[in-house]
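For reference, the structure is listed below as structure tokens.
The values are calculated or read from the model by the stated rules, or taken from the named source; none is laboratory data. Quick caveat: nothing in here was measured; it's all calculated off a predicted structure. As a convention, Cβ positions derive from the backbone with ideal geometry for all residues, glycine included, and neighbour counts pool all protein chains shown. For accessibility, only protein heavy atoms count, side chains too; no ligands or nucleic acids. Shrake-Rupley method; radii C 1.70, N 1.55, O 1.52, S 1.80 Å.
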Amino acid sequence: MQRKMSLGIKISILTCIFLIITSIVLNICANYALNLLSVKMLGDQALSILNATIVNINPISFERLEKANTKEDTYYEELRILLNDIRQSTGCKYLYTIVLTPDKQNIRYIVDGNNPSSSEFSEYNKTEHISTFPKDIEIVFTGKNFVSDIYSTPNWGDLISAFIPIKTKDNRIIGALACDYTATAVQERAANW
């Protein structure tokens, strides 16, 4: 003999299935929104760090250092120590200065605010192909601030980066100041909410 399910039980089962599916969809949407918010907040935080740091960079000394083609200029170590102190106090992963090569195919490091004994330190004049940086990085060399989405690099992992131009008093762009956070910082921030 077959037992028939009552209409009330059928409605209850369908309601439970609907609620489970709705909960899953809402959870996925909330996690996506939380990740987007975390990326935006880290990008804004990186930009704030850059805006607070740029006022301490002497454009005349920076331009002299960049053109000298040697880190023996006294400003190199002064700027490296400043960037290292700021990097350590703010918790960002990397804080450094760069220039775009004349052929616009490479980025050249000028001062890395990391410890020189670190395996993650970029020496003066080290170059990397522009493709290892976020898409549209060229924007910063036209004078505009730039904040990336998460992007992958072969040497440094997944990053979120912000860049601001280093300008002379007559508004010539002579380089850029950059701040990076790791993509895991996004996950950590989202997990803390």
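Considering only the other residues whose Cβ falls under 14 Å of the Cβ of Val55, what net charge follows from Lys and Arg at +1 and Asp and Glu at -1? Combined, the nearby Lys, Arg, Asp and Glu give +2. Descending by average beta-carbon neighbour count within 10 Å, the peptides 167-173, 97-103 line up as 97-103, 167-173, the highest first.
Could you please report the charge total around Gly157, scoring K, R as +1 and D, E as -1 over all other residues with beta-carbon less than 13 angstrom from its beta-carbon? Every neighbour counted, the sum reads -2. For the set Ser6, Ser152, solvent exposure ranked by accessible area (probe 1.4 Å, protein chains only) runs largest to smallest as Ser152, Ser6. The C-alpha atoms of the chain define a longest principal axis, and helix 74-90 lies at about 20 degrees to it.
For the chain, the solvent-accessible area with a 1.4 angstrom probe is 59 square angstrom per residue. Heavy-atom surface analysis with a 1.4 Å probe gives region 135-181 a carbon and sulfur content of 46 percent of its accessible area.
Using 0.36 nm per residue and subtracting the Cα-Cα separation, the extra length available between Lys10 and Ser118 on full extension is 32.4 nm.
The packing ranking, built from the mean of other Cβ atoms within 10 Å per residue, places the peptides 138-145, 16-23 in the order 138-145, 16-23, highest first.
Computed over protein heavy atoms with a 1.4 Å probe, the carbon and sulfur contribution to the accessible area of region 29-98 reaches 56%.
Once the chain from Glu77 to Ile28 is taken as fully extended at 0.36 nm per residue, the excess over their C-alpha distance is 12.9 nm.
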